[in-house]
Amino acid sequence: RREFQVEAYRIPTFEVRLQSAPTVRLDQPFKVKAVARYYAGGSVSKQPISWQVTQHPYRYIPAHREGFLFASSSQFERGGAARVPDAVTRRANLKEDGTDELQLNPALDVDGSARMYTLEATVVGADQQPVSASLDVAALPPFILGLKVPRYLEKATELQPQLIAVGFDDKLLAGQEVQVKLLKRVWHSHLRETN
């Protein structure tokens, strides 16, 4: 048997919002901005803010590209480098205008694959009531290659593959230098006696 007391719910007097692009490049730093505003108007200034950033793997395949096979970003991972990354925490105080910025650099991570960042910011108001906000940001490769080619040809006299480069913003990239290599393999079947 345990006894407990439930305090009355207090309506927060301010809100916290996080601002960032929904997708960012893996090879560049990006910033996330926290903005705290009173519902009655005005900025929540010089109050403590705490950040927590966690990340997890993200499988990225460009949308609306039927028939194309895409290179997996996992091919650029360094072998044995896969590990659960540590959570990033930071404490600061809001500026006079009720804002604070956090900069993250995905390029510094040992594992070079696509990932999802989950950011959470908590601001403690003058009445000691915490208010939190969270945001998910996908960090994607600068571009990903897609190839469309018939999977089976009965008579392979000619091969006309289609190749595209799709940027992290899901738009086609023009002028991207790409090297294509065609390998010809001849398959022979052999019968072998077994037990």
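The values are calculated or read from the model by the stated rules, or taken from the named source; none is laboratory data. Everything numeric in this text was worked out from a predicted model, so none of it was measured. Cβ atoms come from the backbone with ideal geometry, glycine included; neighbour counts cover every protein chain shown. Only protein heavy atoms, including side chains, enter the accessible area calculation; ligands, DNA and RNA are left aside. Shrake-Rupley method; radii C 1.70, N 1.55, O 1.52, S 1.80 Å.
In segment 19-51, which residue that is within 27 Å of the chain's Cα centre (by Cα) and hydroxyl-bearing (Ser, Thr, Tyr) is nearest to Arg90 (Cα to Cα)?
Filtering segment 19-51 for residues that are within 27 Å of the chain's Cα centre (by Cα) and hydroxyl-bearing (Ser, Thr, Tyr), the one nearest to Arg90 (Cα to Cα) comes out as Ser50.
What residue, of Tyr58, Tyr9, is open to solvent by 40 Å² or more (accessible area, probe 1.4 Å), more than 23 Å from the chain's Cα centre (by Cα) and at pLDDT below 90? Before you say what the answer is, go through the steps one by one.
Values: Tyr58 fails: more than 23 Å from the chain's Cα centre (by Cα).
Exactly one of Tyr58, Tyr9 is open to solvent by 40 Å² or more (accessible area, probe 1.4 Å), more than 23 Å from the chain's Cα centre (by Cα) and at pLDDT below 90, namely Tyr9.
Here is a check on your reading of the model: is Leu26 modelled with pLDDT of 95 or more, touching a Ser or Thr at 6+ places or on another chain (Cβ under 9 Å) and either within 11 Å of Val131 (Cα to Cα) or not basic (Lys, Arg) (or both)? Outline the logic, then answer.
Values: modelled with pLDDT of 95 or more: no; touching a Ser or Thr at 6+ places or on another chain (Cβ under 9 Å): yes; either within 11 Å of Val131 (Cα to Cα) or not basic (Lys, Arg) (or both): yes.
So Leu26 does not fit the description; no.
Which condition does Glu15 not pass, out of (1) of a type in the set (D, E, K, R); (2) modelled with pLDDT of 90 or more; (3) open to solvent by 60 Å² or more (accessible area, probe 1.4 Å), if it passes all the others?
(3)
For the condition out of contact with any Cys (no Cβ under 7 Å at 6 or more places or on another chain) and farther than 26 Å from Arg65 by Cβ, what is the one hit in Ser189, Ser113? Walk me through it before giving the result.
Working: Ser113 fails: farther than 26 Å from Arg65 by Cβ.
That would be Ser189, the only listed residue that is out of contact with any Cys (no Cβ under 7 Å at 6 or more places or on another chain) and farther than 26 Å from Arg65 by Cβ.
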